[in-house]
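The values are calculated or read from the model by the stated rules, or taken from the named source; none is laboratory data. This structure is a prediction, so every number in the text was calculated from the model and none was measured. All Cβ positions, even for glycine, are placed from backbone atoms using ideal geometry, and neighbour counts span all protein chains on display.
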Amino acid sequence: MSEVAQAFAWINTTLRADTVLMAAATGGVWQGLADIGITPPFVSYGLQSNSDVLTVNASRLWANLLVQIKMVGLTSNYAALVMGADRIDVLFGRLGPVGLPGGGGVLSCYRDGALSYSELINGAAWGHLGGLYRIDLQGS
Amino acid sequence: MAGSFNHFDLIAARLTPACSEIAAETAWHAVSNIQQHIIANGQVDTGDMLNSVAVADGDTPTTKDIIIGMDYWVYQNYGTRYLPARPFVEPGIEDTRAQFEALGATLEKRIT
C-alpha cells in the first residue's frame, strides 16, 4: 500500500482523535485544500517531499516522508492557530514506533522545522501555523 | 633518533577552502534542482521566481544560503487557502543529497 496514503490515514485519524485540537480547529481536518465556504480555523496536511531509504541493492526499507501539518485561519483569531499548532506538535513532535492498523508502521515521527506565513484573502489576513514533520514509515 | 614531522598544518590550512568549495558547488546543484522542480510543477509564468533562485554567502566560509528573490515563493511552495501546495524547495534539497555525498567524497583529493 502507498506509504503516503498510510501516512495520511494515520495523520488524519490522530488529528481527529484529539478533542483539544478539534475544539480549536472548528473547520475540521483537510488533506490539502479545504472546501470553499468552510469556516476557519481548520487543519491542513500534505506531502512536502520524500525520499526512500534503500539497501545497496535498492530494496526499499522505508519511506522518509516530509509532511506539512498546519493550522489555517484568520490572523484575527491567531490564538486558535497557536492552540492548534501546539496540539499538532504534541501529537507529532516526537514519537514512534507506532504500528498501523493495516500493517506496517511509523518508525519515527518528529518535527523537521516550523512553518509560519500569512496571506491576504479578500482584504482579510490569514495565517498558516504548524510544522514540517519527518515521518519514517514502513509500508504494509 | 626519530624526528617529529607531519603535514597536519598544511592539511588544516586546506580543509576550510576545500569545504567551502564543496558547499558552493552543492549550493549551485541545489539551485538547479529547485529550478527543475519549479518547471516540472508548472510554476513558471513570468520566470521571475524561477530566475530569482540563487546562492548567497552564509555566515561562515563553509556555509551557503539558497535564496529566492520573489517573496511569493512561500505561497507556491506551501500552498494557500485557495492554492494547493506544490513544493519545490524541499524536493530540490532532497535531490541534492546524493550530489552532496558525491562531492564530499572528493574532499581528500581536494586537500592533497
Residue check for B:VAL44: of a type in the set (Val, Ile, Thr), crowded, with 19+ Cβ neighbours inside 10 Å and away from every other protein chain (no Cβ under 14 Å): no
Kindly indicate whether B:ALA24 is without any contact (Cβ under 8 Å) to a residue 60 or more places away in the chain, farther than 24 Å from A:LEU115 by Cα and assigned to a helix (DSSP H, G or I). yes
Filter region B:77-103 down to the residues that are small (Gly, Ala, Ser) and at pLDDT 95 or above and list them by number. B:GLY79, B:ALA85, B:GLY92, B:ALA102
Considering each of B:THR80, B:THR62 in turn, give the residue that is surrounded by 13 or more Cβ atoms within 10 Å (Cβ to Cβ), more than 10 Å from chain A (Cβ to nearest Cβ) and without any contact (Cβ under 8 Å) to a residue 60 or more places away in the chain. B:THR62
Looking at region A:41-59, which of the residues that are more than 12 Å from A:LEU115 (Cβ to Cβ) and touching a Leu at 6+ places or on another chain (Cβ under 7 Å) is surrounded by the most Cβ atoms within 10 Å (Cβ to Cβ)? A:VAL43
With the requirement that a residue be within 11 Å of chain B (Cβ to nearest Cβ) and on the phi > 0 side of the Ramachandran plot, what does region A:118-129 give you? A:ASN122
Every residue from region B:66-77 that is crowded, with 17+ Cβ neighbours inside 10 Å and either more than 8 Å from every other protein chain (Cβ to nearest Cβ) or over 17 Å from A:GLY130 (Cα atoms) (or both): B:ILE66, B:ILE68, B:TRP73, B:GLN76, B:ASN77
Within region A:60-114, of all residues that are of a type in the set (Phe, Trp, Tyr) and farther than 16 Å from A:VAL43 by Cβ, the one surrounded by the most Cβ atoms within 10 Å (Cβ to Cβ) is A:TRP62
With assigned to a helix (DSSP H, G or I), at pLDDT 95 or above and either closer than 24 Å to B:CYS19 by Cβ or over 12 Å from the mean Cα position of the chain (by Cα) (or both) as the only criterion, which of B:VAL44, B:VAL74 stands out? B:VAL74
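To keep it simple, each residue is scored yes or no on (1) within 14 Å of chain B (Cβ to nearest Cβ); (2) modelled with pLDDT of 95 or more.
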| residue | (1), (2) |
| --- | --- |
| A:THR39 | yes, no |
| A:TYR45 | yes, yes |
| A:ALA80 | no, yes |
| A:MET83 | no, yes |
| A:LEU115 | yes, yes |
Step by step: first the residues of region B:83-112, then only those that are under 19 Å from B:SER32 (Cα atoms) and assigned to a loop (DSSP other than H, G, I, E, B), then the one that is nearest to the other protein chains (Cβ to nearest Cβ). Which residue is that? B:PRO87
Is it the case that B:THR62 is closer than 14 Å to B:LEU103 by Cβ, part of a loop (DSSP other than H, G, I, E, B) and not basic (Lys, Arg)? yes
